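First comes the structure, then the notes that go with it.
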Amino acid sequence: MLRFDPFSDVDALARGLMTGSMAGTQRTPRFMPLDLYKVDDHYVLVADLPGADPGTIDVDVDNGVLTLSAQRSAPSDEGVQWLTSERFSGAYRRQLTLGDGIDSTRITANYDNGVLTVTIPMAEKAKPRKIAIESTGQSHAISAGSS
C-alpha cells in the first residue's frame with residue numbers, strides 16, 4: 001500500500017517559496033507529472049518524461065522511499081539566437097513513500113516514447129485473502145444462574 005504524506009507537499013511548497021523555484025523558469029522544469037493507479041495485485045506509476053536522456057533516468061528504492069529522477073539536456077546556446085524557448089531542460093525528481101505492503105524487490109520500470117512506467121507489486125502478506133471459517137460441529141449449552 002502506498003501512504004500519502006501530506007507534510008511532504010507542505011515541505012515542497014515551503015522550499016519553493018524560500019528559493020523562488022516553485023514556478024519554474026523557461027529552462028528549468030517545475031515538476032514531473034505522474035499518474036498512480038492499482039490493478040489487481042500491483043500498483044502502476046506512469047510518469048511523463050518527454051525528451052529525457054534515457055541514460056539519466058534512475059528509479060531507486062531506499063528505506064521505503066521510491067525516487068524517480070531524470071535529466072533533459074538543453075541544446076547548445078553557441079551560435080543560437082533564441083526566438084522562443086518553452087521546452088524545459090534540467091533535472092526532474094519525484095519521491096513517493098511506499099507502505100509496508102509493497103514488495104520492493106520486485107519493482108520493475110520501463111521507459112518508452114517519453115513515458116516511464118513503474119510496476120510496484122504488493123507483498124504477499126498485503127494481498128486480500130479469504131479466511132476459511134471452521135465449525136467444530138458441537139453445540140455448547142450456556143447456563144445462567146446465581147450461586
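The values are calculated or read from the model by the stated rules, or taken from the named source; none is laboratory data. Since the structure is predicted, the reported quantities are computational estimates derived from the model, not experimental observations. Glycine also receives a Cβ, built like all others from the backbone with ideal geometry; neighbour counts cover every protein chain displayed.
On inspection, Ala74 passes the criterion of being assigned to a loop (DSSP other than H, G, I, E, B), in contact with a Lys or Arg (Cβ under 9 Å, 6 or more places away or on another chain) and surrounded by 12 or more Cβ atoms within 10 Å (Cβ to Cβ).
Based on what the data block shows, is Arg72 within 14 Å of Gly114 (Cα to Cα) and in contact with a Phe, Trp or Tyr (Cβ under 8 Å, 6 or more places away or on another chain)? Here the answer is yes, as Arg72 does meet what is asked. The single condition among (1) in a strand (DSSP E or B); (2) at pLDDT below 90; (3) β-branched (Val, Ile, Thr) that Val10 does not satisfy is (1).
Of all residues in segment 109-124, those that are charged (D, E, K, R) and under 13 Å from Leu49 (Cα atoms) total 1. Asp5 - would you say it is farther than 30 Å from Arg129 by Cβ, at pLDDT below 85 and not small (Gly, Ala, Ser)? Judged against the criteria, Asp5 is not a match.
Among the candidates Tyr43, Tyr37, single out the residue that is of a type in the set (Phe, Trp, Tyr), buried (at least 17 other Cβ atoms within 10 Å of the Cβ) and either in contact with a strand residue (DSSP E or B) (Cβ under 8 Å, 6 or more places away or on another chain) or more than 13 Å from Gly114 (Cα to Cα) (or both). That would be Tyr43, the only listed residue that is of a type in the set (Phe, Trp, Tyr), buried (at least 17 other Cβ atoms within 10 Å of the Cβ) and either in contact with a strand residue (DSSP E or B) (Cβ under 8 Å, 6 or more places away or on another chain) or more than 13 Å from Gly114 (Cα to Cα) (or both).
Modelled with pLDDT of 60 or more, under 22 Å from Tyr111 (Cα atoms) and part of a strand (DSSP E or B) - does that describe any residue in segment 14-31? Within segment 14-31, none of the residues are modelled with pLDDT of 60 or more, under 22 Å from Tyr111 (Cα atoms) and part of a strand (DSSP E or B). Within segment 77-89, the residues that satisfy the criterion of being surrounded by fewer than 14 Cβ atoms within 10 Å (Cβ to Cβ) and in contact (Cβ under 8 Å) with a residue 24 or more places away in the chain are Glu86, Arg87. One residue stands out in segment 66-82 among those that are polar (S, T, N, Q) and within 17 Å of Ala52 (Cβ to Cβ): the one that is nearest to the chain's Cα centre (by Cα), namely Thr67. One residue stands out in segment 90-126 among those that are part of a strand (DSSP E or B) and β-branched (Val, Ile, Thr): the one that is surrounded by the fewest Cβ atoms within 10 Å (Cβ to Cβ), namely Thr108.
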